[in-house]
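Here the structure comes first, spelled out in structure tokens, and everything after it is commentary.
Rule-based calculations on the coordinates, nothing more; no lab input. In this text the structure is predicted, and so the values were computed from the model without any measurement. Quick reminder, even Gly has a Cβ in these numbers, built from the backbone with ideal geometry, and neighbours come from all protein chains shown.
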Ligand SMILES: Nc1nc2c(c(=O)[nH]1)N[C@H]1C(S)=C(S)[C@@H](COP(=O)(O)OP(=O)(O)OC[C@H]3O[C@@H](n4cnc5c(=O)[nH]c(N)nc54)[C@H](O)[C@@H]3O)O[C@H]1N2
Ligand SMILES: Nc1nc2c(c(=O)[nH]1)N[C@H]1C(S)=C(S)[C@@H](COP(=O)(O)OP(=O)(O)OC[C@H]3O[C@@H](n4cnc5c(=O)[nH]c(N)nc54)[C@H](O)[C@@H]3O)O[C@H]1N2
Ligand code: SF4
Ligand SMILES: [Mo]
């Protein structure tokens, strides 16, 4: 019998509570943790198999340096010295735009971002690239305009809603809200509630829905425009809400008049009466809406997000009970980086801008391969595996091979690590203090700090400490007085006083704060991540303090310390705050405090959205007659986080799903090997004939193509995606990749 620890899952944004049994420094058994107030004893088969993520043959133990075509073990001192001196010389010679930090994202470990972003800023750069900008960029950008800040995202108030309308989200497999399958099944089974799913495939979520609209792939914008037109024409809109809580609708309203609704719905491959009924239900019931990658990574991604806000607003469903609500947060997922602000950088080769602080990974290869004098030359990658995760593996390989410096801090020898000049071994989410800042709950705000439950069996460091050491070598940390180090060992109160004194006399202290905390308090605590959390809580903004007071924390100067102690005392996680459910509109941060429905930059695309233009755009090239859904989030993948494929042994996991009619016309049969060809490349894969597929639409899950112990597991779908197949925000159009399929 080993020791049982309360912790959380690091494999998706839900971070369900887990009870993990560790024996001889290995995870031997995992159970869901009933005492976690967010997940309440829910977990999925990924969480159950977390040991395959933690223990695998590719784990890194020591810093490595590439020498010719292989790696040589070096000391931490040598690694940090060499990396810092190369960074200094590259940034010194070519300027701060030559450096990018690709990190801070991830599913389980966000505390490194406090350090990585400081290192990036210390070098003078604004280039943070992360996964956020390959999925949510369009939606977050729209939130910036409609809600006033790019980090204000609305989610369905699932507990109170009577009707959940789902677009391009397969929560039964992908989750994305706490205990998603439980919640979806509850809505589907309750005769007084409804689940409506708009998805080309008969997804696992569509299967249990009250109504499934099997939309033609890529036509959601047309459908949304039609639904809004129907609602306005029938007079089902909420006029009082529009008057009191929105602005700008007068400027866009006319675009929905005289729209050929019947023809549009026909182009979507749907039935007019059914769409009219769904529109009526959504407009007249206590409804909410959840959309995801089927929309985010689809055609008209940004426009769809805009249309969804308009749909919600005309029906009065935003910031309303049982509708879509804005969650509270302990820390926003990123800053509001409005590209109209001249201080916000654009990239040199593709003129791309960040959304919520993050630049789009899709443009990075061009930014590296450009011949602009300020092109990207040095990249630090953490918490990401661009060589299998991001679009166009082949182009990424070309780009990364031509960098002057590529440093990857990783748990395992990933595809990205294998191409790097330096590989730095990092502790896993079970070997370090760490957490995420995903605001997924409402009205409560949940927080859990995971603690080390496994001893690192090498020289692995916390990711934040790796950034700290590089920053220190670069001279980015001002001198710290001995008294501050000493105070860190005395008490938090003594430390807080000493820190305040120091910050008043040292002008550089504020900007280097995470590093200073890490070097002093982090040393005393044995974790730089934990020290950063303590620091964040001491300077929590007023809005968070109010939310914390609502859960019973005492407002005042000791609030941060009190919350910190509660977090430490409760490894299962706690409610750290509660947003005011009576006044969700208070979260809207536009100038007039109303939901702004007029986005000039999207009006041309909205005007041009009609049946004639769409029918023309939807005609497939004869070379590529099928639509590939490049990536599917299912119970047998976890992005690229599972290194040991044994967790899927005996399962049919990476196939090309195709409708029986398409298979028949191509004379293909289930189980045979086929070749899928796109503009980016080709991959061989096993065919799975499935009537869950939509005609003309084929599906490959992402995250495969891993080579483990010399054997390749499945096809890497990102060999089939082109980095330039993206929208105006840099988001890949992974859900609409033209392809053809041939027998081998
Ligand atoms: N098991 C598992 N769970 C995961 C992950 C994982 O790798 N594995 N990854 C996590 C991450 S990082 C994310 S972002 C989420 C993603 O979670 P989801 O967004 O739910 O993932 P997808 O599988 O892309 O599902 C989207 C749905 O959109 C549909 N779709 C495709 N094209 C269209 C279209 O044109 N219109 C409409 N309306 N629908 C369309 C698809 O058929 C699919 O059912 O999953 C998270 N959860
Ligand atoms: N074609 C296609 N591609 C896709 C998708 C798709 O639908 N289609 N889905 C995409 C989506 S939604 C997402 S979010 C991305 C995610 O893609 P990525 O951002 O690459 O994230 P992951 O695959 O989750 O994890 C990447 C690496 O982080 C490392 N890691 C995890 N925790 C830690 C840590 O604490 N420290 C360090 N140093 N490393 C750590 C893991 O070992 C892993 O190698 O993939 C995307 N890729
Ligand atoms: S993968 Fe996601 S849903 Fe599954 S146990 Fe982990 S956190 Fe929970
Ligand atoms: Mo994602």
Give me the extension gain from residue 580 to residue 48: residue separation times 0.36 nm, minus the current Cα-Cα distance, reported in nm with one decimal. 188.0 nm
The relative contact order of the stretch 620-743, taking Cα pairs under 8 Å that sit 6 or more residues apart, comes to a percentage of 40
Expressed as a whole number of Å, what is the distance separating the alpha-carbon centroids of the stretch 228-245 and the stretch 87-142? 42
Sort 257, 467, 153, 372 by Cβ crowding within 10 Å, fewest neighbours at the top. 257, 372, 153, 467
Give the peptides 314-327, 554-567, 279-292 in descending order of average Cβ contacts within 10 Å, highest first. 314-327, 279-292, 554-567
Mean Cβ count within 10 Å, highest first, over the residues of peptides 222-229, 637-644, 9-16: 222-229, 9-16, 637-644
In Å and on Cα atoms, what radius of gyration and Dmax does the stretch 3-54 show? 10.0, 30
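Over the chain, what is the relative contact order in percent, taking alpha-carbon pairs closer than 8 angstrom and at least six residues apart? Before the final figure, lay out each step's value.
Numbers: 1617 pairs, mean separation 137.5, N = 744.
Relative contact order of the chain: 18 percent.
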Which length gain, in nm to one decimal place, applies between residue 234 and residue 742 when the Cα-Cα distance is subtracted from 0.36 nm times their residue separation? 178.1 nm
Round to a whole angstrom and tell me the spacing of the C-alpha centers of the stretch 578-600 and the stretch 1-80. 39
Each label sits 7 Å from Cα toward the beta-carbon; between residue 649 and residue 510 the label points are separated, in nm, by 5.7
Ordering 112-120, 71-79, 731-739 by per-residue average of other C-beta atoms within 10 angstrom, highest first, gives 112-120, 731-739, 71-79
In degrees rounded to 10, the 0-90 angle between helix 463-473 Cα long axis and the longest Cα principal axis of the chain is 50
On C-alpha positions alone, give me the angle between the axis of helix 492-505 and the longest principal axis of the chain, in degrees, nearest 10. 90
Less than 20 Å from a label point 7 Å out along the Cα-to-Cβ axis of residue 593: which backbone N atoms in the stretch 221-256 qualify, by residue? 240-249
With both partners inside the stretch 620-743, how many of the DSSP beta bridges are antiparallel, as a percent to the nearest 5? 65
DSSP beta bridges in the chain [antiparallel fraction, %, rounded to 5]: 50
Label model pair residue 682, residue 34: point-to-point distance (7 angstrom along the Cα→beta-carbon line) in nm is 5.6
Set of the stretch 639-655 residues, backbone N closer than 19 Å to the point 7 Å along the Cα-Cβ line of residue 709: 641-654
